[in-house]
1. Only one residue in 108, 28, 64 is modelled with pLDDT under 50 and over 30 Å from the mean Cα position of the chain (by Cα), so which one is that?
2. Identify, please: which residue in region 233-246 is open to solvent by less than 10 Å² (accessible area, probe 1.4 Å) and part of a strand (DSSP E or B) and is, among those, nearest to residue 301 (Cα to Cα)?
3. Quick check on region 42-49. Is at least one of its residues modelled with pLDDT of 65 or more, open to solvent by 20 Å² or more (accessible area, probe 1.4 Å) and part of a helix (DSSP H, G or I)?
4. Please work out if residue 83 is open to solvent by less than 40 Å² (accessible area, probe 1.4 Å) and at pLDDT 95 or above.
5. Which strands (runs of 3 or more DSSP E) does region 400-504 wholly contain that include 2 or more residues that are open to solvent by 70 Å² or more (accessible area, probe 1.4 Å), small (Gly, Ala, Ser) and farther than 30 Å from residue 68 by Cβ?
6. Within the set of pairs 6+ apart or on separate chains, which have a first residue in region 211-240 that is under 18 Å from residue 151 (Cβ atoms), a second that is buried (at least 24 other Cβ atoms within 10 Å of the Cβ) and of a type in the set (Asp, Glu), and C-beta atoms under 8 Å apart?
Amino acid sequence: MLFQHPTKHISHYILQKLTMECCHKTRSHLHLQMREIILLFVVVIVVASMGVVEGRKVRKLEGSLEYTAISCRGHSASIVEFGGVGDGKTLNTRAFQEAVNSLSQYGSDGGAQLYVPAGQWLTGSFNLTSHFTLFLHKDATLLASQDINGWPVIDPLPSYGHGRDAAGGRYISLIFGTNLTDVVITGDNGTIDGQGLLWWQKFHGKKLKYTRPYLLEIMYSDTIQISNLTFLNSPSWNVHPVYSSNILIQGITILAPVQSPNTDGINPDSCSNTRIEDTYIVSGDDCVAVKSGWDEYGISFAMPTDHLIIRRLTCISPYSAAIALGSEMSGGIQDVRAEDIVAINTESAVRIKTGVGRGGFVKDIYVKGMTLHTMKWVFWITGNYGSHADDHWDPNAIPIIQNINYMDVVAENVTMAARLEGISGDSFKGICISNATIGMRVKAKKVPWTCSDIQGVTSGVVPKPCDLLPDQGADKIGMCNFPQEKLDIDNIEIKKCSYLMSSL
């Protein structure tokens, strides 16, 4: 069943409100808090299923539009001015592209905003421009075209060298941009609907000649904001910034059926200085998947993902992770800071995926404050992940995994506390886990921890970890690291933008 429009992040904010102070409470209070969270979450889901969102009223425009963004614009226009028709049937691809092309003339004169009013706006792929804002009204929905023949095909990413669904190229994303500066994609919780069922059926039927499109991809770009939107039923990945820097992703909801294939939520890929916060994701794959290229292609491209912040993430993904590092990590992943993570009915919390042939590194990973319910594994590190781009991967390309920190964790209804598997002859080093209480389910595995080819320490962890992670004693409970200094992306200035909507 496809999800309907979300309830304006209600469940996300309730869950986060209750869990922000989890690290400062006793374990008994944490368990009580967990029960309250789950009860409230169930209430939210029941309310949503009763069709509350279907009764939303369209707010009448009062002549102005106000919101916050990294940049305000000197000019504004509506898609209607370019012939757009929001009836859910008229194809608006040309209208969107002509609007962007026309508004690009203002790039050196304060930039421009394209406003999408309430309606169902059927469209194929269109490209963005620099110094540009795309704004969706709360009752505006971009509907991705179902005509596969109308989707342009582009080359595989150079750091992948190969399509993910097929050996050749890939269908361009619904909203696409490359070599851009200063772009804002935002709204009043408007919706971008990929109508992915058709694509999922073709994927399962092995009828795809090219890799499925994403909903939003920004390449080789700088200073990007993606905020206050709902991404629905993507054909594959939802939000994919790649080879880019200074990226702010805030307040977005991503929804897809939990059995939909490869519907990752947010995939920062060979990106630097990125901040993801206040997001609510239900998907068929990892909620946030951190990447940097595949095998020999990623090694050669050599562009890591670094200086990444993930805050106040709520995830539901029964077959995948709340946060995944890899498996395509051949360019390296470094300095990832995740805190205040809520995961419910999710396979694992933070998973590191790598293997022989990947090369690269995953190091300086800091996770603080996770509230988890119904997990298969809490901690999962995999050194035997396969899925190579082609047959040319290097068996001597061994990844480096080191300085991995987890602290202040409470979990309930867990099948297995941890599965930590390094590579023979290449131990994963510097694993630190402190102040973690894991409540096992009634039919949990008899041995809660399995460990091989790893090195590390623990403190204040229940149940007792494996021998490769010796307990350092209760007085060492704060021994794991979490950096205190701010990253540059935390200092980004947010402005109040206001527009007179006289032309609508």
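1. Working: 108 fails: modelled with pLDDT under 50; 64 fails: modelled with pLDDT under 50.
Only one candidate qualifies: 28.
2. Among them, the one singled out is 242.
3. Pass one, region 42-49, residues modelled with pLDDT of 65 or more: none.
No - not one qualifying residue is present in region 42-49.
4. no
5. Working: elements: 400-421, 428-440, 449-452, 454-462, 495-500.
Result: empty, no element qualifies.
6. These pairs meet every condition: 236/264; 237/264; 238/264; 240/217; 240/269.
To keep it simple, each residue is scored yes or no on (1) crowded, with 17+ Cβ neighbours inside 10 Å; (2) part of a loop (DSSP other than H, G, I, E, B); (3) among the basic types (Lys, Arg).
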{"position": "108", "(1), (2), (3)": "no, yes, no"}
{"position": "114", "(1), (2), (3)": "yes, no, no"}
{"position": "120", "(1), (2), (3)": "yes, no, no"}
{"position": "130", "(1), (2), (3)": "yes, yes, no"}
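Every residue, every condition in (1) hydroxyl-bearing (Ser, Thr, Tyr); (2) at pLDDT 95 or above; (3) on the phi > 0 side of the Ramachandran plot; (4) touching an Asp or Glu at 6+ places or on another chain (Cβ under 9 Å), yes or no:
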residue	(1), (2), (3), (4)
452	yes, yes, no, yes
465	no, yes, no, yes
468	no, yes, no, yes
475	no, no, no, no
482	no, yes, no, yes
493	no, no, no, no
499	yes, no, no, yes
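The values are calculated or read from the model by the stated rules, or taken from the named source; none is laboratory data. Predicted model, so just to flag it, every value in this text is computed and none were measured. Here the Cβ is made from the backbone with ideal geometry for all residues, glycine too, and neighbour counts use every protein chain on show. Please note that ligands, DNA and RNA were not included when accessible areas were found on the heavy atoms of the full protein model with its side chains. Shrake-Rupley method; radii C 1.70, N 1.55, O 1.52, S 1.80 Å.
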